[in-house]
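Structure, as structure tokens:
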Amino acid sequence: MRKSKSLTPLFFLLPALILMVPFVIYPVFKTVYLSFFLDDKFVGLENYKNVLLSPDIVNLDRFPTNSPPWGALIHNVVWIAIHLPATVFLGLGIALLLRGKEIKGASVIKSIVFLGMVIPMIVGGLIIRFLFEEGAGVIPAIFKALGIEGLAITWTAYPKTALFAAILGSIWIWTGFSMLMYSAGLASIPKDYYEAALIDGANRFQIFKNVTWPLLKPITIVVVAMTLLWDLKIFDVVYVATGGGPGGASMVLALQMWDYFARALNYNYAAVVAVLLTTLTLIPALWLIRRRE
Amino acid sequence: MKTEKMLFSFLLVGVLAVAVVASGCIGGETTTQTTTVEQITLKVIGPWSGAELDAFNEVIKAFEAEHPDIKVEYKTYRAEDLSTILPLQFESGDTPADLIFMWGWFIADMGTKGHVMELGQIINPDEYVPGILDTVTVDGKIYGAPFTAAAKPGFWYRKSFFEEHGLTPPETWDEFVKLLEQIKQIPGIKAPIVSGDSVGWPLSDVTEHFIMTFGGAELQQKLINGEVKWQDPQVRSIFEERLVPLLEAGYFSDPIEWTSAVELWWKGEYALYFMGTWLTGMVDDPTDLGLISLPGVKAMVLAPDYFMVPKYTSHPNEALELAKFIATEGQRIHVGTSSGKLATWKEVTMDDYWEPMKDVAKVVANVESAPDLDDSVGGEWQKAFWDQLKLLWVQPDRLDEILKTLDEKFPKE
């Protein structure tokens, strides 16, 4: 009886396992295996050394004093440093501004902000490309109107601006997610808490600091973790908007993996980048899972 | 009596055996007849859509008319996408189509790996433009066949625009530079030359035109073979003395998405556009097109669309039949449409060409043809080349670094 009980969970897991073994688990192990081989010969960590020392991945000769390229790994880090706080706080700010029924057209504005999330990423990349193109795009037009000629250019064509064009465009796309999550979080906070804080004489800032922000912590954890994952696996937006150029100035790890795979037909180096990316994404994913437990 | 019975039995068995064999043969004949009447379908994958596909469909229609037992189904795939799909499918002994248009270097690579049929039996190299099969030939084995080719002959202009502003095509390099300065002064002009942008190939086409004008087809070939470095003084001087001064003087625009660039150039915001011959099929009035090659041009890129027949096709004989047609008579049909392409099969005559392409065909016929540089090298370097040229276009002062990168990334033997 005890034996059959212990087998029961396995029985329920079996259908999923049957699918996961050939389509997930085997490819994962095969990718790790490939990363240690070159031309069918076992080379240990040689591939990892070559990839990590390549200026395509880390270019310390140019970072941080010169304009990009700084290497795909550094570009991903820069991406996280700008994109993560920007989307978290922009999403929170918009959600705070548009909460409640007192703002007319709040749902329409939220829908517009959320639009970036519902369009295909490839289309998003194309929009970014044209958004930052001199003559056609609104961003260079704004800088031209402000008299800042240095930024009234095609952002995606210049190494100093290409990476930032992709990041800024990505902020527009991803803020909708953050806003939606925080809107849901804000709606779940009971009004009694705010009423009690007001009776105690708390001002708006104190209420935000001591009531809203702590109660939104679970939401913030999810938003931060999901944004980190998005930033690490970013591919399609860059692929379409800049192609990783010019001169590798906006290259990111996922696109570099693609280049090793599809252009260089070097499956071993592609596997190395895949393993690195998976390891990096596992960190926020595991953190998220533990915090939620 | 017993013996008679036995003889009769043998006779009966013999008659029955002959009858069975005879009926089998007759039946077989009937089956064969049915099979020949039954239509088979060949799948073709190519890069074209829209007007380009309409032109290719004319070739397919002609083939189907000649071969009523074969139906051809066409699917559009970008070469970039195929480069990820095909190696995996081939490794598993499968193919998504019976005839596939793809980069020449890729076909050669797949050929050496044993995934592609040899086409020596249907392709006679003597019937083709010299050197056109080099890209798809490895150790004397021809793994791919050429279809029609695009030429990258020079800078296109609108005759009406030149007439309106009193401009004339240049005869010398100095006149060319003077023309660019004249155009720059025209009110409303953003830059004399619009730079097309895509993944990067429009800029590489311009660069190759400069290389072949000042270094000839020989230099282009040596660069392809890796026999001359990008930092070689001869190559460097072409950049330093010819291309970079034009970039620094602002004669080229920043890279603009190449199809948008066609519209802007046609509207008159730019005067010149370096593009392949397919441009003739993209403008409202091809008769208004004029062409300026760099003065003294010695060679031009002739970039054919190559195709292969994967070894895993279910209909090898019919696929080879189609391949032969596309590589020969199909070219005659294709150049007669608005495809803007040139024949690589020498049996095609000037009379076969679409009217607006006849002048271009004559220009190209008078210079040496050379293979496309980045398409021939291919792989990771091709993307690096495109990417570095994008950088050069906006930061020509980084020439040293760019040439060094091109040498470093060049495939090692």
- Does B:V235 satisfy being touching a helix residue (DSSP H, G or I) at 6+ places or on another chain (Cβ under 8 Å) and without any contact (Cβ under 8 Å) to a residue 12 or more places away in the chain? no
- Query: Since B:D284 meets every condition but one in (1) closer than 30 Å to B:I402 by Cα; (2) at pLDDT below 95, which condition does it not meet?
  - Reply: (1)
- Task: Would you check if there is a residue in segment B:56-64 being touching a residue at least 40 places away in the same chain (Cβ under 8 Å), farther than 19 Å from B:Y306 by Cα and away from every other protein chain (no Cβ under 14 Å)?
- Result: yes
- Task: Kindly establish whether A:I199 is open to solvent by less than 40 Å² (accessible area, probe 1.4 Å) and away from chain B (no Cβ under 14 Å).
- Result: no
- Task: Take segment B:339-355 and flag every residue that is open to solvent by less than 60 Å² (accessible area, probe 1.4 Å) and either among the hydroxyl-bearing types (S, T, Y) or not assigned by TED's automatic domain parsing to the domain that holds B:I132 (or both).
- Result: B:S339, B:T344, B:Y353
- Are any residues in segment B:369-404 open to solvent by 30 Å² or more (accessible area, probe 1.4 Å) and at the interface with chain A (Cβ under 9 Å from one of its Cβ atoms), and if so, which ones? B:E380, B:K383, B:Q395, B:E401
- Message: Looking only at residues that are over 16 Å from the mean Cα position of the chain (by Cα) and open to solvent by 20 Å² or more (accessible area, probe 1.4 Å) in segment A:212-239, which one is nearest to the other protein chains (Cβ to nearest Cβ)?
- Response: A:I219
- Query: Does B:A65 meet the test of being at pLDDT 95 or above and in a helix (DSSP H, G or I)?
  - Reply: yes
- Task: Identify all residues within segment B:174-220 that are charged (D, E, K, R) and within 14 Å of another protein chain (Cβ to nearest Cβ); write none if there are none.
- Result: B:K190, B:D197
- Message: Could you list, ordered by first residue, the pairs with Cβ atoms under 9 Å in which the first is in segment B:81-94 and of a type in the set (A, V, I, L, M) and the second is open to solvent by less than 20 Å² (accessible area, probe 1.4 Å) and assigned to a helix (DSSP H, G or I), at least 6 apart or interchain?
- Response: B:L82/B:F106; B:L86/B:F106; B:L86/B:M110
- So, of the residues in segment A:123-169 that are within 14 Å of another protein chain (Cβ to nearest Cβ), free of Cβ contacts under 8 Å to residues at least 24 places away in the same chain and of a type in the set (F, W, Y), which turns out to be nearest to A:H75 (Cα to Cα)? A:W155
- Item | Of all residues making up segment B:119-137, the number that are open to solvent by 20 Å² or more (accessible area, probe 1.4 Å) and not in a loop (DSSP other than H, G, I, E, B) | 6
- Query: Taking segment B:174-212 on its own, how many of its residues are of a type outside the set (G, A, S), open to solvent by less than 10 Å² (accessible area, probe 1.4 Å) and more than 24 Å from B:G378 (Cβ to Cβ)?
  - Reply: 7
- Note on the structure: Heads up, the helices (runs of 4 or more DSSP H) in segment A:1-101 (entirely inside) with at least 1 residues that are closer than 30 Å to A:L168 by Cα and within 26 Å of the chain's Cα centre (by Cα) are A:46-53, A:72-97
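The values are calculated or read from the model by the stated rules, or taken from the named source; none is laboratory data. Computed from a predicted model, the values in this text were never measured in an experiment. Counting neighbours? That spans all protein chains shown, and the Cβs are built from the backbone with ideal geometry, glycine included. Only protein heavy atoms, including side chains, enter the accessible area calculation; ligands, DNA and RNA are left aside. Shrake-Rupley method; radii C 1.70, N 1.55, O 1.52, S 1.80 Å.
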